[in-house]
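First the structure, in the form of structure tokens, and then the observations on it.
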Amino acid sequence: MKLLHAKGIKRNYGALEVLKGIDLEIGAGEIVAIVGPSGAGKSTLLQILGTLDKPDGGEVWIEDLSVFNLKDQELAKFRNEKVGFIFQFHNLLAEFTALENVCMPGYIQGSKPEKEIVARATELLGLLGLSERMGNLPSQLSGGEQQRVAVARALLNSPAIIFADEPSGNLDSQNALDLHRLFFQLRDEFGHSFVIVTHNEELAEMADRRLVMQDGLMS
Ligand code: ADP
Ligand code: MG
């Protein structure tokens, strides 16, 4: 089953054509790796597929919904419920504990009682082996732990698809491997789709598909 469909995606920054017409389909439960040199447009593409940025041309459908035809407020709600993000630098809020960071997308989404959000966050942190770390601030966690908290946060609203931009780029090889295995475990157990931009060839080889981006085009 097709989860995401992108057609003719273009993005310019001034005179610079960063994306030159990208077509892509992602299946439900599929793990797709995107590799390619720095400056190829990978992060720009991920931001658009994840609805954080709008293209200058082309269209993106997620679950058959044309996302950029939604009003801004509807799009924000859709994004919060359907899409998760993991970045190279975890982007955890420094003044909040691991548990509070993981709860954040639930508070933003705003429709569930706090008790339910905290229970879900606690369950996820347990699943990711962080039960003992829930009360810690990000600065009191190792790099691998911080990234697992970011994964738990991305999972809080049970998104259909998770976009990860060089998620293991800041980890040593053992922590990177653990994180990659976690993605596959989550896909197998919960059926999330993953689109992962990476320089890690081991991960790219493990993925269901390895796509190459170069100079604003996908091959
Ligand atoms: P990658 O993730 O593959 O390294 P990016 O998508 O980050 O590539 O960037 C692609 C190109 O777009 C680069 O030349 C970069 O300098 C340019 N670029 C990215 N974001 C912006 C921006 N906000 N304003 C201007 N140029 C940008
Ligand atoms: Mg990038």
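Any read-out appearing in this document is the output of simple, stated calculations on the displayed coordinates, not a laboratory observation. Keep in mind that what you see is a predicted model, and the values were worked out from it rather than measured. Neighbour counts run over all protein chains shown; Cβ positions are idealised from the backbone, glycine included.
Of all the options LEU203, LEU16, LEU75, the one that moves most in a Gaussian network model of the chain with Cα springs shorter than 10 angstrom is LEU16. Compute the Cα gyration tensor for the stretch 37-131, then decide on rounded, prolate or oblate, letting a ≥ b ≥ c be the square roots of its eigenvalues: rounded whenever a/c is under 1.5, prolate when a/b is larger than b/c in the other cases, and oblate in all that remain. Judged from the Cα gyration tensor, the stretch 37-131 comes out oblate (a/c at least 1.5, b/c at or above a/b). If you plug the beta carbon distance of HIS199 and SER158 into 1/(1 + (r/R0)^6) with R0 = 45 Å, you get a FRET efficiency near 0.95. Each label was represented as a point 7 Å from its Cα along the Cα-to-Cβ direction; for GLU74 and LYS2 these points are 2.1 nm apart.
Mind checking which of GLY58, LEU92, HIS5 is farthest towards the positive end of the stretch 2-218's charge dipole, using Cβ charges of +1 (Lys, Arg) and -1 (Asp, Glu) about the Cα centre? Ranked along the dipole, the leading option is GLY58. Projecting each Cα onto the charge dipole of the chain (Lys/Arg +1, Asp/Glu -1 at the beta carbon, about the Cα centre), which of ILE22, LEU211, GLY110 comes out farthest on the positive side? Highest projection toward the positive end goes to GLY110. The calculated 222 nm mean residue ellipticity attributable to helices in the chain amounts to -11500 deg cm²/dmol, summing -39500 (n - 2.57) over DSSP H runs of n ≥ 4 and dividing by all residues. Here the chain is assigned +1 on the Cβ of each Lys and Arg and -1 on the Cβ of each Asp and Glu. Its dipole about the Cα centre then comes out at about 380 debye. Between rounded, prolate and oblate, where does the stretch 130-190 land on the alpha carbon gyration tensor, with a ≥ b ≥ c its root eigenvalues, rounded for a/c under 1.5, else prolate if a/b exceeds b/c? Since a/c reaches 1.5 but b/c is at least a/b, the shape of the stretch 130-190 is classed as oblate.
Computed over neighbours whose Cβ is under 13 Å from that of MET104, the net charge equals 0, Lys and Arg +1, Asp and Glu -1. Size descriptor for the chain, Kirkwood hydrodynamic radius: 17.7 Å (Cα pairs only, one decimal). Extension gain, VAL212-ASN136: 0.36 nm per intervening residue step, less the Cα-Cα distance, totals 23.5 nm. Quick check: net charge around ASN157, other residues with Cβ under 15 Å of its Cβ, Lys/Arg +1 and Asp/Glu -1? Overall, the nearby charge balance is +1. Taking a ≥ b ≥ c as the square roots of the eigenvalues of the alpha carbon gyration tensor, the stretch 75-132 is oblate, as a/c is not under 1.5 and a/b does not beat b/c.
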